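Taking it in order: structure first as structure tokens, then the write-up.
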Amino acid sequence: MEFDEKQIEKAEIFSSENDLVLGIVKGDMTELKFDDDSFDFVYSYNSVFHMKKVQIAQAINEMKRVLKPNGLLFLNFLSIDDFRCGEGPNLGNHQYEQMDDKPVIHSYFTYDEAEQYFDDMEFVVKERRIIERIYEGERIKQGFIDYITRKR
């Protein structure tokens, strides 16, 4: 699922050039247009944290709704360990409007902050990752918190 029409066009070109069927549909993760209990696995990588935390809670509730019982949910969050945490206009609660190609919200989480979203789920894995790399000629740290949970 993708929200941005330009990204969908890029995916369709890639799909066509590589003879793949990706099945990408336009949509909003806070209002998934799928039936309850539709998927065995829901995977969201580097996407859910591009909204305010109130919207993140809505998106996670939607992901859990469409997940089948015993299905797995993989989500990752930006952590406050990330080099960009604190940059840009402060929207409160470690939420900032930052420039990518255009202004984008980035929500950052403390290590245990996202636990509240998974009270009704079975814990499988939680991992804090800090990646150091060179970005635009500078050494940076990117911080993530990954979760895998199972729907009861």
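The values are calculated or read from the model by the stated rules, or taken from the named source; none is laboratory data. Since the structure is predicted, the reported quantities are computational estimates derived from the model, not experimental observations. For neighbour counting, all protein chains shown are included, and Cβ atoms are generated from backbone atoms with ideal geometry for every residue, glycine included.
Before moving on, here are some points about what is shown:
To keep it simple, each residue is scored yes or no on (1) in contact with a Pro (Cβ under 8 Å, 6 or more places away or on another chain); (2) more than 28 Å from Ile131 (Cβ to Cβ); (3) assigned to a loop (DSSP other than H, G, I, E, B); (4) not assigned by TED's automatic domain parsing to the domain that holds Phe144.
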position: Asp19; (1), (2), (3), (4): no, yes, yes, yes
position: Ile60; (1), (2), (3), (4): no, no, no, no
position: Met63; (1), (2), (3), (4): no, no, no, no
position: Lys68; (1), (2), (3), (4): no, yes, no, no
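- Remark: pairs (first residue in region 134-149, hydroxyl-bearing (Ser, Thr, Tyr); second residue surrounded by 10 or more Cβ atoms within 10 Å (Cβ to Cβ); Cβ separation under 6 Å; 6+ apart in sequence or on different chains) = Tyr147/Leu75; Tyr147/Lys126; Thr149/Leu73; Thr149/Phe118; Thr149/Met121; Thr149/Val124.
- Complete set of residues in region 14-31 that are of a type outside the set (A, V, I, L, M, F, W, C), loosely packed, with under 12 Cβ neighbours inside 10 Å and over 30 Å from Ala57 (Cα atoms): Ser16, Glu17, Asn18, Asp19
- Filtered by the rule that a residue be among the acidic types (Asp, Glu) and over 16 Å from the mean Cα position of the chain (by Cα), region 102-136 gives Asp112, Asp119, Asp120, Glu122, Glu132, Glu136.
- Residues (loosely packed, with under 13 Cβ neighbours inside 10 Å and either more than 14 Å from the chain's Cα centre (by Cα) or among the aromatic types (Phe, Trp, Tyr) (or both)) located in region 38-80: Asp40, Phe41, Tyr45, Pro69, Asn70
- For region 72-91, residues that are within 25 Å of Tyr43 (Cβ to Cβ) and not hydrophobic (A, V, I, L, M, F, W, C) total 5.
- Among the conditions (1) under 15 Å from the mean Cα position of the chain (by Cα); (2) closer than 22 Å to Thr30 by Cβ, Glu97 misses just one, which is (1).
- In region 97-146, the residues that are part of a strand (DSSP E or B) and out of contact with any Lys or Arg (no Cβ under 9 Å at 6 or more places or on another chain): Glu97, Met99, Pro103, Val104, Val125, Lys126, Glu127, Arg128, Arg129, Ile134, Tyr135, Glu138
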